[in-house]
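Asker: Starting off with a structure, shown below.
The values are calculated or read from the model by the stated rules, or taken from the named source; none is laboratory data. This one's a predicted model, so the numbers in the text were calculated from it and none came from an experiment. Quick reminder, even Gly has a Cβ in these numbers, built from the backbone with ideal geometry, and neighbours come from all protein chains shown. The protein model used for the area step is the full one, side chains on, heavy atoms only, and it has no ligands, DNA or RNA in it. Shrake-Rupley method; radii C 1.70, N 1.55, O 1.52, S 1.80 Å.
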2 protein chains.
Amino acid sequence: MRSDSVLKQFRVFWALKHFFMGEHTTENSLRHQLYVEWAMMSKWIRKQPIDQIKEYLGVKYAFYFTWLGFYTHLLIPAAILGLIVFFYGVFTFPNNRFSSDICNATDTIMCPLCDRTCDYWELSNTCFYARLTYLFDNDLTVIFAFLMSIWATLFLELWKRYSATITHRWGLTGFTFEAEHPRPQYLARLSGSNHTKVNIITGNIEPTVPLWKKIPATLFSISVLLLLIVVAIAAVFGVVLYRMSVLASLSLTNQSDWMSTYSNIFIPTTAAIINLVCIQLLNLVYDKVAIYLTEMELLRTQTEFDESLTIKIYLFQFVNYYTSIIYIAFLKGKNVGYPAKYLRIFGLRQEECSPGGCLMELSIQLFIIMVGQQALNTVVEMIIPVGLNWFNSLTENTGRLDTLKSTSEEEDLATAVKKPWIEDYRLLDWGPRGLFPEYLEMVMQYGFVTLFVTAFPLGPFFALLNNVFEMRLDAKKFLKYFRRPIPHRVPNIGVWYRVLDILGKLAVITNAFIIAFSSNYIPRMVYISLASEDNTDKGFLNNTLAYFDTKDFENGIAPLSSSYTNVTYCRYKDYRNPPWSPQKYERPTFYYEVLVARLTFIVIFQNIVSLVKVAVQWLIPDVPNALSDRIKRESYLTTQMIIKNEAKKAAGIKEKVL
Amino acid sequence: MRSDSVLKQFRVFWALKHFFMGEHTTENSLRHQLYVEWAMMSKWIRKQPIDQIKEYLGVKYAFYFTWLGFYTHLLIPAAILGLIVFFYGVFTFPNNRFSSDICNATDTIMCPLCDRTCDYWELSNTCFYARLTYLFDNDLTVIFAFLMSIWATLFLELWKRYSATITHRWGLTGFTFEAEHPRPQYLARLSGSNHTKVNIITGNIEPTVPLWKKIPATLFSISVLLLLIVVAIAAVFGVVLYRMSVLASLSLTNQSDWMSTYSNIFIPTTAAIINLVCIQLLNLVYDKVAIYLTEMELLRTQTEFDESLTIKIYLFQFVNYYTSIIYIAFLKGKNVGYPAKYLRIFGLRQEECSPGGCLMELSIQLFIIMVGQQALNTVVEMIIPVGLNWFNSLTENTGRLDTLKSTSEEEDLATAVKKPWIEDYRLLDWGPRGLFPEYLEMVMQYGFVTLFVTAFPLGPFFALLNNVFEMRLDAKKFLKYFRRPIPHRVPNIGVWYRVLDILGKLAVITNAFIIAFSSNYIPRMVYISLASEDNTDKGFLNNTLAYFDTKDFENGIAPLSSSYTNVTYCRYKDYRNPPWSPQKYERPTFYYEVLVARLTFIVIFQNIVSLVKVAVQWLIPDVPNALSDRIKRESYLTTQMIIKNEAKKAAGIKEKVL
């Protein structure tokens, strides 16, 4: 009984010490320091104390914050470039002939956008929309796309250098996971198994998963992933149907002027919001499913588990977030046919783009999904921990905590003095996903900022704005609402580097295609240099619109009733011969000239960017010179010491022999 | 005087020992073993004994032979693929409608190939040429181009793995040049200089080159390089003029039938030989110049010197070897205009391609330059060392060797017994270029095998044939004619890896362009799918030839005298409207359709190859699993030993304290 009484005395002493000196020690603690110096929103402009972060959260978490800080820094030039493009659009606004032409085109009657129910409409209705488009799609966009493609390469090259410096600073150069332990879950699941194997590295005997157990699990994972990808794509096309039916029903009702002017804004916006909701719902489902599937795969180490989960979730999220955007950027309105012969899929006409191009709709979609997602994340990230903690504190007296309590005497003490270890235990646990959602969020954002930056030049600016807050919010969350994580040593950001590299490569292609096929840049340039009389874009709008003879409508396609009388010709956005040409509705030479120009642009853009990328990679060494000198110096000193010691030893042996 | 006599006795002993036992020791020596087991041509099928090579020649030279062996091995599948394409051409020869059509087209009168002096000619004259073309340009070429682009990536990825294994085997993993010494030449040139600097790594004081001395030298280097590149390009265009004037003069003389049939083969062949001679002459000059320039740059270490020299010579050689090929592949006959309006540069018409496309001429050019260069190299590599050694043996009694001799007594001995150290000293010295010419030769060959492989599918086969010999010839040369090199430790093949990587990237572009613009593949596919009546290539030849009304010739362009009478229409290879069309000589829609198809092909080809490349890089880890396990095991054992030792130490200290 003696030891019991000693223990009791000790507990009382500790509780009293904490009571009187607690506040003081807390203030000096690393956690408190970090909370005050790093996690406060008011410190947003300060550099992060990464060494202290490493001390408290471990290398793995510190690498995330280091990367996030680096990324946020490099977003500054990108954001400035994007703002320049935007403000160039704002200031050269009055000189833009194309949008002025659209606004003045009250006498241009356009062909109906859907079968039967839709009426003809005036081109000038899209005036506001055309004006907005110009803000993003102006002369600077091509230069911007080029610079951002280089930016993505520079980002990775500079990160490689910076990462090498940090790795060296934290003594992890040449670090290998020499003998990573099996996951506890893996050992637990296989505890009864009699399939064992000798681990080559440690020489221990470990349970192993036979191939006939592993393959079905992997196949099952892949099929579920594919199934959910199909569901995600289906959701996007559900929204396409929504857009088309709203368009038709808006046409049926007697449209007010306001409606017809702004339906170009209203329909894409609501559709994008529905997309965003679908994305969220699917994410919720898939996150749970993916963890379950990865557990089923019985992967030996935490690293393998993380990698499998990362690829699984990332692939799905990629499809989930970007499908709607890819559809608008590359498929929508690209091959719709013409009023006499629409190209139908399952009997449905395809969506058309406004005469100003699909770029504005793409921008709206990007804005809603990217900024909406960020806002949602920030709110969720703040609310869920607070909520869960509150829930935990309610259940304080139940669960495993019971085991910690024994006598009523102590219970009194516990209520009198807040025990910090109980408090900390009550904090949120890191689930099996660990740091994953944080990286995922940032890498999805990086995707928006690189892949579709041409369509939404303000992307980097919003990303920058978000990240400045994100960094401090994450810090607060990690320090205040989550338990201190188990530290892990890692030499770099791991699989995410490869994902960023692939995104950078994809970005060159997507941006080239957006400029070539979604923006009006190439047709305008071709018009100016080949078709225009005075080498300006005067008459360009007229050039992009083809004539259609209303007598040539397919059976039952023409509007049932119309507010316009005596419409003989309506216009539609395409390059086709007019009805009075001998080869009516065939492709004119100009169509081919534009197409050749678009493709040539893609080939040139891709290859020039690749060339510059190779040059940048060649010119920027992976390790900064100063660091490389330092590593050499260290290695030199070590060698010198070894030589001296060996010489001493040799001399000693000689003496002994003599 | 006593030591002198000892020395004399020793010399006599050594000479006698060598005389009686010399043969025996030589046979057991590493050099002799290598000579018998590795350098013999009869051992060509055997794997190289790379560890022994490393022992004798040092790591740097052993890495060259390792790489060469690896490259030669991987050439085997490439050579097989190339042979399949070639033999597919041979076997499907009779079914090829396009070349048969050309051979039967005796009534197709073509427009003259040069102004005034050239006559009309019959298309069937190019019959033999068209048949040859089919051997290289058939249905399999596209698949071959795709596979070879992937091959280049696989080559690098697999080399990375193999190289990692070798590096580990030779104990060089993580090797850094910790403190590379300055070059002796550098120190000698700067011996009087009073600009000094402390070396960060070793702490020694070293002379340094001030910036105002370095910049002019670098600028001078660059300007000389640029100047010689311009000369190399001028040489190529000189040969173009040669081709054009030979064509004109052949037309002036009364051509025999033989001549008109084979001039398509004769002219490109002689032109290519002239190209090859020019290339050789320029190389001779530039090699000397480049070494001089690099010495002028005062580079501190041998590594820096080598790298600067490598880039300098490689850039020049690239232009020197490939310009004529690039001209034929991408410029020749691409935009020549049409008989009524030729596009002239400095008043000269441009060269045209034969109706079968420029591909055959490209193949001839490649064959002459690649195979010719290889044959030349092999001869030069064998003759020059033998010759130089013979020359050295003539001058044996002069030069620095004098200092080795002292008394007439010894001189007698020297003539009686061949001193091996004198023999070895008499061998050739490695110049400042070291291993460089060997790498250069192979990398230039790699360029031919990847960049232009579509135009000459037999390239890999000839390369393979050459390398099997090259490997053993190099070995013999290194063992027999050159002094044993000073060993250098290197962790990999250095800058050449990057050059190979860039060549692999370039290859995707060049092959895509060759198929799109030099081969007949795309026009034929477009014809079959869009213009043909029965979805075969029947009538394709006729489709590629435009009509020209001989009344429409520019002033003074029409042939002065002609052996054909009453030619009203002649044909030329282009897509243009016939003279009876309302827009005569304008571009028809088909021209644009073909152009769009060509560009689309390039975009698709490039992006699919890039995708597969990324996948290959992702799937093949840089270090083989077995090796990675081994490294981890080593690291684990080291850690365990350290822990044990530390524990022992700690236990010892404890005991002492108690």
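Asker: Going through the range B:556-575 one residue at a time, which ones are part of a loop (DSSP other than H, G, I, E, B) and either in contact with a Gly (Cβ under 8 Å, 6 or more places away or on another chain) or open to solvent by 80 Å² or more (accessible area, probe 1.4 Å) (or both)?
Answerer: Of all residues in the range B:556-575, those part of a loop (DSSP other than H, G, I, E, B) come to B:556-568, B:574-575.
Scanning the range B:556-575 gives B:L560, B:S561, B:S563, B:T565, B:N566, B:T568.
Asker: Could you tell me which of the residues A:L282, A:L299 is buried (at least 16 other Cβ atoms within 10 Å of the Cβ), assigned to a helix (DSSP H, G or I) and in contact (Cβ under 8 Å) with a residue 24 or more places away in the chain? Spell out the reasoning first.
Answerer: Working: A:L299 fails: assigned to a helix (DSSP H, G or I).
That would be A:L282, the only listed residue that is buried (at least 16 other Cβ atoms within 10 Å of the Cβ), assigned to a helix (DSSP H, G or I) and in contact (Cβ under 8 Å) with a residue 24 or more places away in the chain.
Asker: Take the range B:505-544 and flag every residue that is over 17 Å from B:N96 (Cβ atoms), free of Cβ contacts under 8 Å to residues at least 60 places away in the same chain and not in a loop (DSSP other than H, G, I, E, B).
Answerer: Correct list: B:K505, B:L506, B:S529, B:A531.
Asker: Please go through the range A:302-339 and pick out each residue that is at pLDDT 85 or above, more than 18 Å from the chain's Cα centre (by Cα) and of a type in the set (S, T, Y).
Answerer: Selection gives A:S308 alone.
Asker: While we're here: Scan the range B:598-616 residue by residue and report those that are more than 7 Å from chain A (Cβ to nearest Cβ) and surrounded by fewer than 18 Cβ atoms within 10 Å (Cβ to Cβ).
Answerer: Of everything in the range B:598-616, those that are more than 7 Å from chain A (Cβ to nearest Cβ) and surrounded by fewer than 18 Cβ atoms within 10 Å (Cβ to Cβ) turn out to be B:I604, B:I608, B:L611, B:V612, B:A615, B:V616.
Asker: Name the single residue, out of those in the range B:580-597 being in contact (Cβ under 8 Å) with a residue 60 or more places away in the chain and more than 18 Å from B:P339 (Cα to Cα), that is least open to solvent (accessible area, probe 1.4 Å). Give the derivation first.
Answerer: Going through the range B:580-597, the residues in contact (Cβ under 8 Å) with a residue 60 or more places away in the chain turn out to be B:585, B:590, B:593-594, B:597.
Those left that are additionally more than 18 Å from B:P339 (Cα to Cα): B:590, B:593-594, B:597.
Details: B:F590: 27, B:E593: 47, B:V594: 2, B:A597: 28 Å².
If we take residues in the range B:580-597 being in contact (Cβ under 8 Å) with a residue 60 or more places away in the chain and more than 18 Å from B:P339 (Cα to Cα), then B:V594 is least open to solvent (accessible area, probe 1.4 Å).
Asker: With the requirement that a residue be among the hydrophobic types (A, V, I, L, M, F, W, C) and within 19 Å of A:V236 (Cα to Cα), what does the range A:337-364 give you?
Answerer: Residues of the range A:337-364 that are among the hydrophobic types (A, V, I, L, M, F, W, C), as a first pass: A:340, A:343, A:345-346, A:348, A:353, A:358-360, A:362, A:364.
Within the range A:337-364, A:I345, A:F346, A:L348, A:C353, A:C358, A:L359, A:M360, A:L362, A:I364 qualify.
Asker: Going through B:A512, B:A463, B:A507 one at a time, which residue ends up being in contact with a Leu (Cβ under 8 Å, 6 or more places away or on another chain), within 14 Å of chain A (Cβ to nearest Cβ), open to solvent by less than 10 Å² (accessible area, probe 1.4 Å) and of a type in the set (A, V, I, L, M, F, W, C)? Before you say what the answer is, go through the steps one by one.
Answerer: Details: B:A512 fails: in contact with a Leu (Cβ under 8 Å, 6 or more places away or on another chain); B:A463 fails: within 14 Å of chain A (Cβ to nearest Cβ).
Testing whether each residue is in contact with a Leu (Cβ under 8 Å, 6 or more places away or on another chain), within 14 Å of chain A (Cβ to nearest Cβ), open to solvent by less than 10 Å² (accessible area, probe 1.4 Å) and of a type in the set (A, V, I, L, M, F, W, C) leaves just B:A507.
Asker: Kindly list the number of the only condition in (1) within 14 Å of another protein chain (Cβ to nearest Cβ); (2) farther than 20 Å from B:K334 by Cβ that fails for B:N566.
Answerer: (1)
Asker: A follow-up question, please. Taking the range A:633-645, which residues are open to solvent by 50 Å² or more (accessible area, probe 1.4 Å) and either polar (S, T, N, Q) or facing chain B (nearest Cβ under 8 Å) (or both)?
Answerer: A:R633, A:T638, A:Q640, A:N645 - these are the residues of the range A:633-645 that are open to solvent by 50 Å² or more (accessible area, probe 1.4 Å) and either polar (S, T, N, Q) or facing chain B (nearest Cβ under 8 Å) (or both).
For every residue, the table says whether it meets (1) touching a residue at least 24 places away in the same chain (Cβ under 8 Å); (2) surrounded by 13 or more Cβ atoms within 10 Å (Cβ to Cβ); (3) of a type in the set (V, I, T).
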site: B:Q52; (1), (2), (3): no, yes, no
site: B:K60; (1), (2), (3): yes, yes, no
site: B:L68; (1), (2), (3): yes, yes, no
site: B:I84; (1), (2), (3): yes, yes, yes
site: B:S99; (1), (2), (3): yes, yes, no
site: B:A105; (1), (2), (3): yes, yes, no
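Asker: Another question, if that's okay. If a residue has to be under 23 Å from A:P112 (Cβ atoms) and open to solvent by 30 Å² or more (accessible area, probe 1.4 Å) to count, how many in the range A:198-249 make the cut?
Answerer: Just the residues of the range A:198-249 that are under 23 Å from A:P112 (Cβ atoms), to begin with: A:237, A:239-249.
Next, from what is left, pick out any that are open to solvent by 30 Å² or more (accessible area, probe 1.4 Å): A:237, A:241-242, A:244-245, A:247, A:249.
Number satisfying all stated conditions: 7.
Asker: Filter the helices (runs of 4 or more DSSP H) completely within the range B:46-145 down to those with at least 2 residues that are modelled with pLDDT of 85 or more and either farther than 30 Å from B:V499 by Cα or out of contact with any Phe, Trp or Tyr (no Cβ under 8 Å at 6 or more places or on another chain) (or both). Lay out the reasoning, then the answer.
Answerer: Numbers: elements: B:50-57, B:59-91, B:97-104, B:127-136.
So the answer is B:50-57, B:59-91, B:97-104.
Asker: Same structure, new question: Looking at B:R630, is it within 11 Å of chain A (Cβ to nearest Cβ), out of contact with any Pro (no Cβ under 8 Å at 6 or more places or on another chain) and either under 26 Å from B:K160 (Cα atoms) or at pLDDT 85 or above (or both)? Can you show your working first?
Answerer: Working: within 11 Å of chain A (Cβ to nearest Cβ): yes; out of contact with any Pro (no Cβ under 8 Å at 6 or more places or on another chain): yes; either under 26 Å from B:K160 (Cα atoms) or at pLDDT 85 or above (or both): yes.
Answer is yes for this residue.
Asker: Still on this structure: Taking only the range A:154-174 into account, find how many residues are modelled with pLDDT under 90 and open to solvent by less than 20 Å² (accessible area, probe 1.4 Å).
Answerer: 1
Asker: Oh, and also: Any residue at all in the range A:622-629 that's in contact (Cβ under 8 Å) with a residue 60 or more places away in the chain and under 27 Å from the mean Cα position of the chain (by Cα)?
Answerer: Within the range A:622-629, one or more residues are in contact (Cβ under 8 Å) with a residue 60 or more places away in the chain and under 27 Å from the mean Cα position of the chain (by Cα).
Asker: Of the residues that sit in the range B:515-542 and are open to solvent by 20 Å² or more (accessible area, probe 1.4 Å) and within 14 Å of chain A (Cβ to nearest Cβ), which one is nearest to the chain's Cα centre (by Cα)?
Answerer: B:F517
Asker: Among the residues of the range A:574-597 satisfying the criterion of being under 23 Å from A:N511 (Cα atoms) and not small (G, A, S), which is nearest to the other protein chains (Cβ to nearest Cβ)?
Answerer: Here the residue is A:Y592.
Asker: If you take the residues in the range B:424-479 that are part of a helix (DSSP H, G or I) and of a type in the set (G, A, S), which one is farthest from the chain's Cα centre (by Cα)?
Answerer: Narrowing the range B:424-479 to residues part of a helix (DSSP H, G or I): B:424-425, B:436-451, B:459-479.
Now narrow it down to the ones that are of a type in the set (G, A, S): B:447, B:459, B:463, B:475.
Values: B:G447: 4, B:G459: 11, B:A463: 10, B:A475: 20 Å.
Checked the range B:424-479; the qualifying residue farthest from the chain's Cα centre (by Cα) is B:A475.
Asker: Please determine whether any residue of the range A:163-171 is part of a helix (DSSP H, G or I), of a type in the set (G, A, S), within 14 Å of chain B (Cβ to nearest Cβ) and within 30 Å of A:L611 (Cα to Cα). Walk me through how you get there before you give the answer.
Answerer: Of all residues in the range A:163-171, those part of a helix (DSSP H, G or I) come to A:163-169.
Then keep just the ones that are of a type in the set (G, A, S); that gives A:163-164.
Okay, now just the ones that are also within 14 Å of chain B (Cβ to nearest Cβ), so A:164.
Filter again for within 30 Å of A:L611 (Cα to Cα), leaving A:164.
For the range A:163-171, residues part of a helix (DSSP H, G or I), of a type in the set (G, A, S), within 14 Å of chain B (Cβ to nearest Cβ) and within 30 Å of A:L611 (Cα to Cα): present.
Asker: Now, a different point. Being in a helix (DSSP H, G or I) and touching a Lys or Arg at 6+ places or on another chain (Cβ under 9 Å), is that true of even one residue in the range A:623-644? Quick ask: steps written out before the conclusion?
Answerer: First, pick out the residues of the range A:623-644 that are in a helix (DSSP H, G or I): A:625-644.
So of that shortlist, the ones also touching a Lys or Arg at 6+ places or on another chain (Cβ under 9 Å) come out as A:627.
Yes; the residues of the range A:623-644 include at least one that is in a helix (DSSP H, G or I) and touching a Lys or Arg at 6+ places or on another chain (Cβ under 9 Å).
Asker: Go over the candidates A:T544, A:T510, A:T589, A:T565 one by one and state the one that is modelled with pLDDT under 85 and of a type in the set (S, T, N, Q). Before you say what the answer is, go through the steps one by one.
Answerer: Working: A:T544 fails: modelled with pLDDT under 85; A:T510 fails: modelled with pLDDT under 85; A:T589 fails: modelled with pLDDT under 85.
Selected residue: A:T565, the only one of A:T544, A:T510, A:T589, A:T565 that is modelled with pLDDT under 85 and of a type in the set (S, T, N, Q).
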